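Here's the structure we're looking at; comments come further down.
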Amino acid sequence: TMDQFRDVDYLDALDQIAPDWEHHGGGSSMPCLRHILVLATGEANPRVDVMPFAALDRGIDPAIDAILVDPLADCDIIYTSGTTGAPK
C-alpha cells in the first residue's frame, strides 16, 4: 500500500482495521493477510517498523522469513468508487 495520498492516510486506515499490522499482518480481522509492504510517497511521516516496497527488489527478505516473491501470487485487490473516491 501507499503510505498516504493527498488527504488519505492508508496506514491510519490499516491501524484501525488491523492493529499492529506492522508485526502481525492482518491479525484476527484479516488472518490470510501475512505481509504488508509500504510504498513511501513522501507525503507522510515515515514509520520505522514497516516493510518498504523496495524489499520486493531483493526477492528474499529476512524480515519476511526468506519468502521468495512469486510473480503469479495474488498481490492486491483494488476497488474504488472512482479516482477521487475514498478507498473501500
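The values are calculated or read from the model by the stated rules, or taken from the named source; none is laboratory data. What you see is a predicted model, and the numbers here were worked out from it, not measured in a lab. Here Cβ is always computed from backbone atoms with ideal geometry, including for glycine, and neighbour counts include all displayed protein chains. Remember, those area values only see protein heavy atoms, side chains included, never the ligands or the DNA or RNA. Shrake-Rupley method; radii C 1.70, N 1.55, O 1.52, S 1.80 Å.
Does the range 56-78 hold any residues that are assigned to a loop (DSSP other than H, G, I, E, B), of a type outside the set (D, E, K, R) and either at pLDDT 80 or above or open to solvent by 70 Å² or more (accessible area, probe 1.4 Å) (or both), and which are they? If the condition is that a residue be assigned to a loop (DSSP other than H, G, I, E, B), of a type outside the set (D, E, K, R) and either at pLDDT 80 or above or open to solvent by 70 Å² or more (accessible area, probe 1.4 Å) (or both), then Ile60, Leu68, Val69, Pro71, Leu72, Cys75, Ile77, Ile78 are the ones that fit. Restricting attention to the range 1-22 and to residues that are among the aliphatic types (A, V, I, L, M) and part of a strand (DSSP E or B), the residue that is surrounded by the most Cβ atoms within 10 Å (Cβ to Cβ) turns out to be Met2.
Of all residues in the range 23-44, those satisfying the criterion of being open to solvent by 40 Å² or more (accessible area, probe 1.4 Å), over 15 Å from Cys75 (Cα atoms) and in contact with a strand residue (DSSP E or B) (Cβ under 8 Å, 6 or more places away or on another chain) are Ala40, Thr41, Glu43.
One residue is enough: does the range 45-55 have a residue meeting the conditions modelled with pLDDT under 80, of a type in the set (D, E, K, R) and open to solvent by 80 Å² or more (accessible area, probe 1.4 Å)? Within the range 45-55, not a single residue is modelled with pLDDT under 80, of a type in the set (D, E, K, R) and open to solvent by 80 Å² or more (accessible area, probe 1.4 Å).
Being of a type outside the set (A, V, I, L, M), closer than 13 Å to Thr1 by Cα and part of a loop (DSSP other than H, G, I, E, B) is the filter here; which residues of the range 42-55 pass it?
Phe53
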